[in-house]
Amino acid sequence: MALPPLLTLRDVHVTFGGRPVFEGVECAVQPGDRICLVGRNGSGKSTLMKVIAGLVEVDDGERFVQPGVTVSYLPQDPVMPEGVSVHDYVHAGLRHEDEYHRVDICLEAMQLDGARDTSTLSGGEGRRAAIARALVSEPDILLLDEPTNHLDLPTIEWLEEELQSFRGAMMMISHDRTFLRKLSRQLLWLDRSKIRRTDQGYEFFDEWVEQVLADEEKELTRINIQIAEEERYMLKGVTARRKRNMRRVRKLADLREQKATRVQVQGTVNLKVDSGESSGKLVIEAKGISKAFGDKIIAKDFSIRVMRGDKIGLIGPNGAGKTTLLKMLTGQLQPDSGDIRIGTNLTAAYFDQKRDNLPKDVTPWDYLADMGGDQIIVHDQPKHVVTYMRDFLFEERQARQPIHALSGGEKNRLMLAKLLASPTNFLVLDEPTNDLDMETLDLLQEVLSEYDGTLLLVSHDRDFLDRVVTSTIAVEGNGNVQEYPGGYEDYLRQRPDDKAVTEAKAKSAEKPKEQPKKTKAKLSYKDQRELDMLPQKMEKLTAEKEQLERAMADPDLFAKSPDKFQKTSDDLSVVQAELEACEERWLELEMLQEELSAG
């Protein structure tokens, strides 16, 4: 006999400012449920979860909870009390004192100092403390609103293991697809103020949505009902997006195969972004770079060669040094030792997760059209501000609202809209996926997949990394930095396990036996001389190129002398081609020299 629901909503209506958030919602939470709640940004997911938690009063309908059932709720932005230690804050969630040890286990896993005052915690630390409190309470129903936001990968993976062994029912809102696929067994879709349910996990969401929309289209045709195009904008694109995704998957696989030929792992065998003018073939070359701050080692003897078109993800625990490594690779910070060479003709654009460069009191309209008027130049073409904002899933009414009124995800979306409007051949994105909903993640994935420039991406979103990057740099801590071909799942397959690492360290510590000296093969005299001369030649060509570009930048040059304009343009093309040929030859000789030395 089936057990009765722990919690039930019957014909629930909620309105804000006279506008319905949802109407006639019917849903139930059964014992053992693992429900993911999905829907477009602004559809009311967090509001519905607060209704289930009993924190928002309904305008009509009924919320019923079985007597004795406890509900624990993790808000998207937890508010910490003042004058309370972290230990006491988490301990207050305990229901059974004989499980006191769970408090210390959760604090250690979340990397929190129990003696600290909760009022001193950062936003990310406060979220970890709130997660620890929710877990130790062991409620009958656990409600989680974006639990993985601002958590690093080790903490997310620990949280997944804890939730997999959780004995109560659970409902979660998250943009982390991997998290949802691993944990969900049922799905609630909040769509146009209505709720739909399927007893399948998130893994089957796309297929289910396609079927729902296909059935709806048949019904709409039969009864001849006109549905507003604006409401169905994202939903109609599901099938087309899946077809485009298959093409991008094949393209990404080809790029990763090419990358794998250049990366040796130690111990293991709707929109377009204008990439602007092509950079040189070599974008970044780092040789044996090391960096430390006191006793904390960020990188030790790390080398990498980044080529035009590479899309590289950076992963690692919080505090391991991902941002520091990113700054070294982009020339913003010098290594303690080793050499870094930055390629030619790079036009870089940076996305900062802290949003320091985002003004708070201007409107999105003024932020995007910063030269005035109602137009923004996108890919060298004028576009109306509102039309461009719609590409990034904004509504027209939001164009004139102050930026500080936007949600965290909407602010990230606005920054991406600004960033991607300008021609650039080198994108550096530091945690761009934080606070983004599924639709925006799809949008960003499409943009980056079609981008033919070079990308450096710091992210904790495993699914996003798997869909976008050609290789992954793992910053493991204690100076251990290694590049692996492919995305996050490829990294997991290739990285050495703890036993292998221990054995490798022990082996390297042993005194090596004397071996007969081998004569290393070397480049021929001609090739070595060419390799030695190429840097000077490339430097000279770069200077010529910059001089010709300055001449071409004169807006009156064509009017004053069309012949001179044409000659300068031709000379620039010749110099550019010669510079790229030199770079390619230099790379060939460098790689040949490394192979001969290794052999």
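The values are calculated or read from the model by the stated rules, or taken from the named source; none is laboratory data. Predicted model, so just to flag it, every value in this text is computed and none were measured. Cβ coordinates were reconstructed from backbone atoms using ideal geometry, including for glycine residues, and neighbour counts include every protein chain displayed.
Values computed for the structure shown
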read-out: Subset of segment 57-83 that is surrounded by fewer than 16 Cβ atoms within 10 Å (Cβ to Cβ) and of a type in the set (Val, Ile, Thr) - its residue that is modelled with the highest pLDDT; value: Thr70
read-out: Residue that is surrounded by the fewest Cβ atoms within 10 Å (Cβ to Cβ) [pool: residues in segment 372-402 that are part of a loop (DSSP other than H, G, I, E, B) and not acidic (Asp, Glu)]; value: Gly372
read-out: Residue list for segment 69-89, restricted to those being touching an Asp or Glu at 6+ places or on another chain (Cβ under 9 Å) and within 16 Å of Leu142 (Cβ to Cβ); value: Val69, Thr70, Val71, Ser72, Tyr73, Leu74, Pro75, Gln76
read-out: Single residue of segment 121-179 satisfying the filter (touching a Lys or Arg at 6+ places or on another chain (Cβ under 8 Å) and among the hydroxyl-bearing types (Ser, Thr, Tyr)) that is nearest to Leu465 (Cα to Cα); value: Thr178
read-out: Test for Leu213: is it outside any loop (DSSP other than H, G, I, E, B), of a type in the set (A, V, I, L, M) and at pLDDT 90 or above; value: no
read-out: Verdict on Gly409 being of a type in the set (Gly, Ala, Ser) and either assigned by TED's automatic domain parsing to the domain that holds Leu329 or not in a helix (DSSP H, G or I) (or both); value: no
read-out: Residue in segment 468-477 that is surrounded by fewer than 23 Cβ atoms within 10 Å (Cβ to Cβ), farther than 17 Å from Asn318 by Cα and of a type in the set (Asp, Glu) present; value: no
read-out: Residues that are within 22 Å of Leu429 (Cα to Cα) and either at pLDDT 90 or above or surrounded by 16 or more Cβ atoms within 10 Å (Cβ to Cβ) (or both), drawn from segment 356-371; value: Leu358, Pro364, Tyr367, Leu368
read-out: Entirely in segment 133-196, the strands (runs of 3 or more DSSP E) that have 1 or more residues that are modelled with pLDDT under 90 and within 19 Å of Gln76 (Cα to Cα); value: 186-191
read-out: Per-region count, segment 467-488, residues in a helix (DSSP H, G or I) and under 19 Å from Thr155 (Cβ atoms); value: 1
read-out: Pick from segment 285-311, criterion among the acidic types (Asp, Glu) and surrounded by fewer than 17 Cβ atoms within 10 Å (Cβ to Cβ), ranking: farthest from Val469 (Cα to Cα); value: Asp295
read-out: So Leu420, is it part of a helix (DSSP H, G or I), crowded, with 22+ Cβ neighbours inside 10 Å, hydrophobic (A, V, I, L, M, F, W, C) and out of contact with any Pro (no Cβ under 7 Å at 6 or more places or on another chain); value: yes
read-out: Residue list for segment 305-318, restricted to those being in a loop (DSSP other than H, G, I, E, B) and over 14 Å from Glu431 (Cα atoms); value: Arg308, Gly309, Asp310
read-out: Hey, Asp366 over 26 Å from Leu457 (Cβ atoms) and in a helix (DSSP H, G or I) or not; value: yes
read-out: Any chance Leu325 is within 29 Å of Asp301 (Cβ to Cβ) and crowded, with 17+ Cβ neighbours inside 10 Å; value: yes
read-out: Single match in Gly54, Gly61, Gly44, Gly93 (criterion: assigned by TED's automatic domain parsing to the domain that holds Arg196 and over 23 Å from Glu146 (Cβ atoms)); value: Gly61
read-out: Phe204 farther than 24 Å from Gly123 by Cα and assigned to a loop (DSSP other than H, G, I, E, B); value: no
read-out: Boolean, Pro512 is part of a loop (DSSP other than H, G, I, E, B), at pLDDT below 75 and under 30 Å from Leu346 (Cβ atoms); value: no
read-out: Segment 15-56 - residue that is assigned to a loop (DSSP other than H, G, I, E, B) and at pLDDT 90 or above and, of those, surrounded by the most Cβ atoms within 10 Å (Cβ to Cβ); value: Asp33
read-out: Of all residues in segment 432-444 being part of a helix (DSSP H, G or I) and either within 9 Å of the chain's Cα centre (by Cα) or among the aliphatic types (A, V, I, L, M) (or both), the one that is nearest to Gly39 (Cα to Cα); value: Met438
read-out: Yes/no for Arg128 being modelled with pLDDT under 90 and either part of a helix (DSSP H, G or I) or among the polar types (S, T, N, Q) (or both); value: yes
read-out: Residue, surrounded by the fewest Cβ atoms within 10 Å (Cβ to Cβ), within segment 108-158, restricted to residues that are among the acidic types (Asp, Glu) and closer than 28 Å to Pro31 by Cβ; value: Glu157
read-out: Qualifying residue in segment 403-417 (condition: surrounded by 18 or more Cβ atoms within 10 Å (Cβ to Cβ) and small (Gly, Ala, Ser)); value: yes
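One line per residue, one yes/no per condition, for (1) under 20 Å from Arg529 (Cα atoms); (2) in contact with a His (Cβ under 9 Å, 6 or more places away or on another chain); (3) surrounded by fewer than 13 Cβ atoms within 10 Å (Cβ to Cβ):
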site	(1), (2), (3)
Arg550	no, no, yes
Pro555	no, no, yes
Gln566	no, no, yes
Ser569	no, no, no
Gln576	no, no, no
Glu583	yes, no, no
Leu592	yes, no, no
